[in-house]
1. For segment 73-189, what is the convex hull volume of the alpha-carbon atoms per residue, in Å³?
2. With the crude spin-label approximation of a point 7 Å out along Cα→Cβ, what separation in nm comes out for N11 versus L215?
3. What length, rounded to one decimal in nm, is gained on full extension from V21 through to A138, with 0.36 nm per residue of separation minus their alpha-carbon distance?
4. Read phi for every residue in segment 175-187 and hand back ³J(HN,Hα) as whole Hz from Karplus 6.51 cos²θ - 1.76 cosθ + 1.60, θ = phi - 60°, with x for Gly and Pro.
Amino acid sequence: MNKGILAIAGNTARDVMRQTVFYLIAGGGVALVLCSFFFTMFAFGEESRMIRDMGISTITMCCLTLASLSAANTISRELEKGTIVTLLSKPIGKHAIIVGKFLGILAAVSVVFIIMGVILVCSLCIQASLDEHIGFFAAFAQVGRSTGFQLVISFLPIAILCAVATAGSIFLGMISNLCCCMVVYVFGNLMSLFQGALRMKGDWSAWCLSPFFVLFPNLEEFSAVGEKFGSLSLHHVALLMIYAVLYITFVIVLSCEFFDTKECR
């Protein structure tokens, strides 16, 4: 990997981790994950499942918020301050800036995601160990492994939204970019609903709107909460990972091409 990309990624990750919002979201997320044990006290046998689902949802939403806030103005801020010219005066291309910013933000978000994920998995294992009178490692094999696997899948939409927000920061301000990210997230999680409605109509509008279903990420398929995920095969999970990598690559490459056409001064 280019040294310039690594340098930009490192500086971006440190910049994100210096911000107050980083610790507010991380601390609030950890508190919510731990509080989920009290919210499910009267679940009557479904405590473990509800804690897992609430924990994964909390971790995903916190990291989505952090990734969107951090990436929404990562390029536009450099353009407004004029520091982008200083970067370009060095042997660093525009492509390296985009890739480095994306990787740096994703690395900082990954730190929060891993910390919250480890707390959730360990808490579930301790609870299972105490409830069923088994060892910690036996509890991990029972509930921890599957929870960790679900967390890995739930990280993919976070990476996708981080790429979308990074690309949008080239031309949009922070508020506009956050609004676009929200539209992408909502539309991506309602993809099957829109597709089903268009199929029922059965007219030319389904063909006209089909390109939008290609450009918008299908985030609904990445849902790791509920019974639906437990029925997925490893083949389907592998396809989800490939889809996420391809979509992120498409967004980053497209943003690099657009950034090449933008005048920086």
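FYI, it's all coordinate maths here, none of it is from the lab. Note that the structure is a prediction, hence the values are computed from the model and not measured. Ideal geometry is used to build each Cβ from the backbone, glycine not excepted, and the neighbour counts take in all protein chains shown.
1. Values: hull volume 14.9 nm³, N = 117.
Cα-based convex hull of segment 73-189, divided per residue, equals 127 Å³.
2. Label at N11, label at L215, 3.3 nm between them.
3. On the way: separation 117, 0.36 × 117 = 42.12 nm, distance 3.72 nm.
Gain in length upon complete extension: 38.4 nm.
4. My calculation for segment 175-187 gives 5, 4, 5, 5, 5, 5, 4, 5, 4, 4, 5, 5, 5 Hz in order.
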